[in-house]
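What follows is a short report on a single structure.
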Amino acid sequence: MGKKRRGRSYKKRVLEISRIYGEHIKSGLSNREIWLRYIYPVYAISERTFYNILNASASSIPEDEPEYPTLFDDNGKQ
């Protein structure tokens, strides 16, 4: 299968969850406690999805990924 295209909202969610995780992992809380106390009440995602997002943030969400063209791009090409 080909690579999935991820939208801006997914990238934003991954970055935000990674930020929250990074803040609280330093305090010695387990991953489950971080998910239960800080992630689930805000994002209402399952624990499995939480782990998938942490994995995605570690590997496949580059900040400088090129945007995909849309109908309304105005970059001089016609």
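Each eigenvalue of the Cα gyration tensor of the range 8-59, multiplied by 5 and square-rooted, gives one semi-axis; in descending order these are 16, 12, 10 Å. Model label points for Y38 and S9, set 7 angstrom from Cα along the Cα-to-Cβ axis, are 2.5 nm apart.
Since every read-out is calculated from the coordinates, none of them should be taken as a lab result. The structure displayed is predicted, hence computed values, not measured ones. Cβ coordinates were reconstructed from backbone atoms using ideal geometry, including for glycine residues, and neighbour counts include every protein chain displayed.
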